[in-house]
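In what follows, a single structure is set out as structure tokens and then discussed.
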Amino acid sequence: MSGRTRTITVGNLARVEGEGALHLTVENGQVTDLRLEIFEPPRFFEAFLRGREAAEVPDLVARICGICPVAYQMTAVHALERALGIAVDPRLRALRRLFYCGEWLESHALHVHLLAAPDYFGCESVVDLAVRERAAVERGLRLKQTGNAIIRLLGGRSVHPVGACIGGFSRLPAPAELRTLRAALERARDDALACVRWVAGFELPERHAEIEFVALRHDDEYPMNEGRLVSSRGLDCAAEDFEQVIAEHQVLHSTALHARIVGRGHYLVGPLARLNLNVDRLPPLVAAVARDCGRWPNSNTFTSIVARAIEILFAVDEAARLIDAYEPPARPAVAWTPRAGRGVAITEAPRGILYHAFEVGEDGLVRAARIVPPTSQNQAQIEAELRELAPSLLERTRPDATRLCETLIRSYDPCISCASHFLRLEIEQR
Amino acid sequence: MRPRLAVVKFASCDGCQLQLLNAEDELLTLARVVDIAHFPEASRRQRPGPYDVALVEGSITTPADAERLQRLRAESRHLITIGVCATAGGVQALRNWADVEEYKRAVYPHPDWISALATSTPIAAHVKVDFELWGCPVDKDQLLAVLRALLSGTTPGLPTHSVCLTCKQRGLTCLAVAAGTPCLGPVTRTGCGAICPRMGRGCYGCFGPSDQPNLPAFTALLAAQGLTPDEALRRLRGIAGWAPAFRRASEAVAGAEAEKPA
């Protein structure tokens, strides 16, 4: 095949949150160039957060991502509470977990039905998919709606919610509101079960790669707001040690910093990593369903969509459990006063671990901020997988090869929305 | 022929275009009445212009984006900005009062690899805009109302009064009066349904300024509530800080502070 040049170009990589580009060059069967380009017009959050009041941070960091604002708000409040020495009532902690369930549900239902599933039916969009799989799409939209309803209950609106603050929430939900939501979750549980069965029936490409999976692990919960940082190759440390074990570096072709485990290399974060490392933390119903529809742990990135569907069911089940166990906290938020300190936190955003570190001065103003989002951590891993996949692409037709690359990238649910301009996919064979 | 719709993103968080996908009950109907010609987040099928309606999210922060916007304007009959980034520069316009080169050094090990304009500016600073929809994020129902108006050939009309009036309409207790809570409601455009006061906290101005806001009176109120000039400045320089009315008010506060004898 040497001497023949083939270029595969896709105008924009579609159905990801945001835009970027992939350049892949294969010469004589060897990958000579591979770049997942992310041209995020930088918005400099870490720079403009300096000098802002700690109390303003949850509203500001929400704007990093319209799809996972709760993840940014939760990580920020946990880190800031550590900096400020604030201990939060377990009943408020439970409400935060409920809030986060809403985001997992909304974000995962969006990804599974609107962004990822069309690939497995040869469709270009959810609108095309709805012609063939109307019931499944409507079910997905209902699940997404339920996730948004949870966020709205605690946050007032689903995009950039306004209810979360340092110390708790600005308002507690009324019992009648919780009852309405609880009823919606009954229907959502049936929908979620049907969704998992639907996704488990997709014909996923077979693939087994050497991958280091990284996620949080909690003593007795499926991880969300806290836990130790663990990996499939033995990493096990406290959130506070994140900056010692993970190094960020800049590459020329991306405005999102790459990340690697010190002394090793790239790694995968997100639903597949969480499930692989925490399958024994699932509640009984969800664990049984998970066993029925796959092997966990596994190292086929394409099964991320199944992991995401299982987490949809988990989020519904967990939200119902939290509402059933709900006891109103004494007050919506713990009172606090400014003091100097440093605090870090890691939480599990829908797309994987999200790290925040804040330094606060005696005046309550932010002195320094550092934020490491999941998608920037996955960049090097996505590139590595594409590199491995590249030689086999040449045996496929151009549309097939292109679709496979896109599907692989989409299986990470990259949120380069906070991160990019346009994603052009070019596969060049020389 | 169905009108051709494009959804285009510049520097932003994706939240405003997500509101289209959050219209769960209307999404499939919308796809029937308009031809979604370009909406990369939703479809792999992306067709070139011309477009009847272009919904634009995000602000202009790089030279390349400034050029891309010119091309989009040339091929769009109606260009509508959705959200505070596109309409007023967004939260990333906080750089407009800072040194972007210092910002690059603060965030990136190789600041010289980063291409960024010194300012984040709204779409209307670059091209003619046919309608501006405020909000961070835009309200889903307002977005659908604008689309409905455009599709039926009428001019979209949305209320421009302050959040204050919405609180009164909903019978909410005034936080500023009853609790002395700093609240941007008196000078902020309605559209959110007064969610912050409803959630028991002060409005932080994410829908931008209302029509003819009385900002001198408002900054005096903040001072009377005990806010220092720096605290007032931060309230005004938030999500929609670069909107002209908020910007003039914050620069007046900063100017008065600078003139004070040491």
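The single condition from (1) crowded, with 17+ Cβ neighbours inside 10 Å; (2) over 9 Å from the mean Cα position of the chain (by Cα) that B:VAL91 fails is (2). When every residue of the range A:312-335 is checked against the conditions, none turns out to be out of contact with any Leu (no Cβ under 9 Å at 6 or more places or on another chain), part of a strand (DSSP E or B), within 30 Å of A:LEU193 (Cα to Cα) and at pLDDT 95 or above. None of A:ASP280, A:ASP292 is over 24 Å from A:THR75 (Cβ atoms), touching a residue at least 24 places away in the same chain (Cβ under 8 Å) and of a type in the set (Asp, Glu) except A:ASP292. Could you check, for the range A:120-142, whether at least one of its residues is within 30 Å of A:TRP336 (Cα to Cα) and over 21 Å from the mean Cα position of the chain (by Cα)? Scanning the range A:120-142 turns up no residue that is within 30 Å of A:TRP336 (Cα to Cα) and over 21 Å from the mean Cα position of the chain (by Cα). Evaluating A:GLY51 against the criteria (1) farther than 29 Å from B:GLU101 by Cβ; (2) modelled with pLDDT of 80 or more; (3) not acidic (Asp, Glu); (4) not in a helix (DSSP H, G or I) leaves one unmet condition, (1). Could you list all residues from the range B:47-66 that are assigned to a strand (DSSP E or B) and at the interface with chain A (Cβ under 8 Å from one of its Cβ atoms)? Correct list: empty.
Given the conditions (1) modelled with pLDDT of 95 or more; (2) within 22 Å of A:SER299 (Cβ to Cβ); (3) of a type in the set (A, V, I, L, M, F, W, C); (4) out of contact with any Lys or Arg (no Cβ under 6 Å at 6 or more places or on another chain), and given that A:VAL230 satisfies all but one, which numbered condition is not satisfied? Just one mismatch for A:VAL230, condition (4). The condition (being in the same structural domain as A:LEU365 (by TED's automatic domain parsing), at pLDDT 95 or above and surrounded by 24 or more Cβ atoms within 10 Å (Cβ to Cβ)) is satisfied by just one residue among A:LEU84, A:LEU92, A:LEU60, A:LEU110: A:LEU110.
Looking only at the range A:272-280, decide whether some residue is farther than 24 Å from A:TYR355 by Cα and of a type outside the set (D, E, K, R). No, that holds for no residue.
If you check B:ARG235, B:ARG247 for being surrounded by 24 or more Cβ atoms within 10 Å (Cβ to Cβ), assigned to a helix (DSSP H, G or I) and not assigned by TED's automatic domain parsing to the domain that holds B:LEU133, only one passes: B:ARG235.
Sort out which residues of the range A:131-140 are assigned to a helix (DSSP H, G or I) and either crowded, with 24+ Cβ neighbours inside 10 Å or of a type in the set (D, E, K, R) (or both), and write them in order of number. Residues satisfying the conditions are A:ARG132, A:ARG134, A:GLU138, A:ARG139, A:GLY140.
Selection of the range A:89-130 for residues being in a helix (DSSP H, G or I), more than 30 Å from A:ALA164 (Cα to Cα) and at the interface with another protein chain (Cβ under 10 Å from one of its Cβ atoms) yields A:PRO118, A:ASP119, A:VAL126, A:VAL127, A:ASP128, A:ALA130. Candidates are the residues of the range B:167-189 that are surrounded by fewer than 23 Cβ atoms within 10 Å (Cβ to Cβ) and hydroxyl-bearing (Ser, Thr, Tyr); the one that is nearest to A:SER170 (Cα to Cα) is B:THR181.
Annotation note: Cβ proximity below 6 Å between a residue of the range B:223-245 that is on the phi < 0 side of the Ramachandran plot and a residue that is of a type in the set (Ser, Thr, Tyr) (sequence gap 6+ or interchain) occurs for B:ALA232/B:THR219; B:LEU233/B:SER250; B:LEU236/B:SER250; B:ARG237/B:SER250; B:GLY238/B:TYR204. Just checking, how many residues over the range B:133-189 are in contact with a Leu (Cβ under 6 Å, 6 or more places away or on another chain) and of a type in the set (Ser, Thr, Tyr)? Summing the residues that are in contact with a Leu (Cβ under 6 Å, 6 or more places away or on another chain) and of a type in the set (Ser, Thr, Tyr) in the range B:133-189 gives 1.
Name the single residue that is farthest from A:MET224 (Cα to Cα) among those in the range A:374-414 being hydroxyl-bearing (Ser, Thr, Tyr) and not in a helix (DSSP H, G or I). Within the range A:374-414, the match that is farthest from A:MET224 (Cα to Cα) is A:THR397. Highlighted here are the helices (runs of 4 or more DSSP H) found entirely within the range B:75-193 that include at least 1 residues which are of a type in the set (Phe, Trp, Tyr): B:100-107. If you go through the range B:23-46 and keep only what is free of Cβ contacts under 8 Å to residues at least 12 places away in the same chain, more than 7 Å from chain A (Cβ to nearest Cβ) and among the acidic types (Asp, Glu), you end up with just B:ASP25.
Among what's in the range A:17-36 and is in a loop (DSSP other than H, G, I, E, B) and touching a Pro at 6+ places or on another chain (Cβ under 9 Å), pick the residue that is nearest to A:ARG398 (Cα to Cα). Top of the filtered list is A:GLY29. The residue that is surrounded by the most Cβ atoms within 10 Å (Cβ to Cβ), among those in the range B:96-109 that are within 19 Å of A:ARG63 (Cβ to Cβ) and in contact with a helix residue (DSSP H, G or I) (Cβ under 6 Å, 6 or more places away or on another chain), is B:TYR103. Do we have A:ARG171 as closer than 23 Å to B:CYS203 by Cα, surrounded by fewer than 21 Cβ atoms within 10 Å (Cβ to Cβ) and of a type outside the set (Gly, Ala, Ser) here? Yes; evaluated as a whole, the condition is true for this residue. Taking the criterion of being in contact with a Ser or Thr (Cβ under 9 Å, 6 or more places away or on another chain) and either outside the structural domain of B:GLU75 (by TED's automatic domain parsing) or modelled with pLDDT under 95 (or both), the residues of the range B:38-51 that qualify are B:PHE39, B:GLU41, B:ALA42, B:SER43, B:ARG44, B:ARG45, B:GLY49.
The values are calculated or read from the model by the stated rules, or taken from the named source; none is laboratory data. As the structure is a prediction and not an experimental result, all values here were calculated from the model. Using ideal geometry, Cβ is built from the backbone for each residue, glycine included, and neighbour counts are taken over all protein chains shown.
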